[in-house]
Each structure stands twice: as structure tokens, then as C-alpha cells.
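Written below as C-alpha cells is the structure these notes are about.
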Amino acid sequence: MNWRAAARRWGPPLLAVAILLFLGTTIEWVEILHNLRGAAPGPLLLALLLVLPNLALQGWKWHLLIRDRVPEAGYWAALRSVVAAMGLGLITPGRMGEMIRANFVGCGDPLTLSAAFLIDKGLNVVPLMLVAGALAHANVGAAAGMPWWLATGVLLWLLLRPQPAQRWLQRVGPAAHTRRGRFLAAFAGARSATVLAATLLSCAIYALVCWQFGLLLQALAPGAPWSAAASAFLAINIAGSLPFTPAGIGTREAGAVVALEPFGVPAAAAVNASLLLFVGNLVLPAIAGAWFLARAGRPEHAKRAETAGRAGARAATGGS
């Protein structure tokens, strides 16, 4: 293994460890543990219970995005695939490893459904822009929030009027039976009603997770304002999406510390709230879905589905 391959493999986890160690030496682990031991049990328990509706909404959103392509896929198959893929998401930058959820749906062409996953991820930008606009409006004024509202409106307009982009993809895109063609088929076939429903679900999911984070802050730093939770929630999502460390570990916690410092929230509480949110919404579901990842290789039904997807695409275009 050359040094470049080693850097790609070991660089992200080592960076995550380095950031956490830096935070630990800056804040002191004793302080972090003391803050965790003193957490109020009520808000902490409620935040953990909200993991269940969060997963249910994620499964619903994924089901909406794939059912046009695979009508035979039920809700439980969609939810199972979401949970099964979370394990790989934990160890990949930006959680892009969750793209393998398409292999666990049990039907349809996994390559086409992988593009639906990118649509799923892309729709998460909408609630973050809404939060950014609301915070800018509240802290600076209407003029500061206006660019965010306008950008959100333009993005929603593009999402809900995909026909021009679809026609362009059909005209200049590769043949439908090729790998690239099958991948782009999910973008070309997205319906406005489906995109709108999935966008609303993205907003509901992010509102729920923001509430979770606020509850965790109340448990670890009683009296912290909910505006602090909203600001830190935006920061940890932006920092956690940077493709530097596995699942954003370290960068997310650093973002929480920086965002909560102006509100007087102790750094130890910021680190703990971010880590508990990560454990509840990602680590625990990943453990629950570990059985799927433990199966050797890709599931046989996924291999059969991909073969059927290629054959169907060729038949639809008259290819051979």
C-alpha cells in the first residue's frame, strides 16, 4: 500500500481522533465526564425516545423516493435498508457509505436507487437553509434573512419543476442501459409531487432532530436558550457534512463548541450534546442494523435486482 492509499484510508479516522483529543485536552476529559454524570434524566430520556420517530420518518422519506421506481418495495423494506446502511455511514466521510442502502431494498436496480439516495441527501439542504434564514432574521434583521429565503425559494422552484433538467438529461445523457444511464434515471424520473413530499419530510426530520438537540442541551446545560440549540444544530450539521472525518466525528463536536460559546454554554456540555445526538441517531440504529451488514457480500436479492434492472433498461430502449 503506497502512502497515498494509506492517507486515504487512515487519514480521516486519525483526523477525527486528533480533533477529539484536542477538544479533550482543551476542555479536560474530567469536566466532560462530570457534565455527563450530572445530566438531567428527563430531557435526556425524551431525546433518546425521539430516535424512534426520527427513524420512522427517514424510512417514510426513503420509501417515497423509491416507490416510483420500485412500487413493490414496501415501507418496512425501505426502513430496513435505511437502518442497514447506517453502519457503513459511520465509517465513511460525509456518511456517503449509506448509499449502499439501495442494495438492501430487496427489489429494483440498486444503481438507479443509489441516485435516489443523492436526492434524499440533497433535500436536506432545504431545512438547513430555512434555519439559517430564521437565525439571520432573528439576530441581524429581515435584510440578513432575505438572501436565505430567496435562495430557499429558488431551490424549491427548481426541485418542483424538474422537467427542463429531465429533458436535458434525456437528450444529452448516456444510454439508459449503461451504468451512467441507469444512475441518472432516478434524476430524470423524479416527480414534483414526490419531491415536494420528501422535502416536507426532510423539514420534519430536521425539526425533530433540532428538538432532540435542544433537549440534550437542557439536560446537560439547564437554562440554555433554544436559540442556542438552533444555532448549534446548524453548525454541527454543516461541520458534520464536511468530508474530512468518518460520519463527521470531531468536526461536529468542534462546531458545537464554537456555536455555543457566545451563549455561555460550557464546552463540555456542547461536546456531550453533540456526541449523544450522534450516538442516539446513528450509532444505536447502526447496531440494530448490523445483522444486514454482517451478511457476506451484497445480498443475493440485490444482485438479482441489478441484473433485472439492466435487462429492463435494455428492453425499454431496444438495446441488446
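The values are calculated or read from the model by the stated rules, or taken from the named source; none is laboratory data. Small disclaimer: the values here were computed from a predicted structure and weren't measured. With ideal geometry, Cβ positions are generated from the backbone for all residues, glycine too; neighbour counts draw on all protein chains shown.
So which residues in the stretch 29-49 are among the hydrophobic types (A, V, I, L, M, F, W, C) and either surrounded by fewer than 17 Cβ atoms within 10 Å (Cβ to Cβ) or in contact with a Gly (Cβ under 6 Å, 6 or more places away or on another chain) (or both)?
Across the stretch 29-49, the qualifying residues are 29, 30, 33, 40, 45, 46, 48, 49.
Selection over the stretch 57-93 of residues that are among the acidic types (Asp, Glu) and in a helix (DSSP H, G or I) gives a count of 0. Among the residues making up the stretch 65-75, those that are under 17 Å from residue 201 (Cβ atoms) and crowded, with 21+ Cβ neighbours inside 10 Å are 65, 66.
Without any contact (Cβ under 8 Å) to a residue 24 or more places away in the chain, farther than 16 Å from residue 63 by Cα and of a type in the set (A, V, I, L, M, F, W, C), is that true of residue 132? So residue 132 does not fit the description; no. In the stretch 76-93, the residue that is surrounded by the fewest Cβ atoms within 10 Å (Cβ to Cβ) out of those that are among the aliphatic types (A, V, I, L, M) and modelled with pLDDT of 80 or more is 79. A Cβ distance below 8 Å, combined with a sequence gap of six or more or placement on separate chains, defines the contacts here; from the stretch 268-293, residues that are more than 28 Å from residue 222 (Cα to Cα) and in a helix (DSSP H, G or I) reach residues that are at pLDDT below 90 and among the aromatic types (Phe, Trp, Tyr) in the pairs 292/104.
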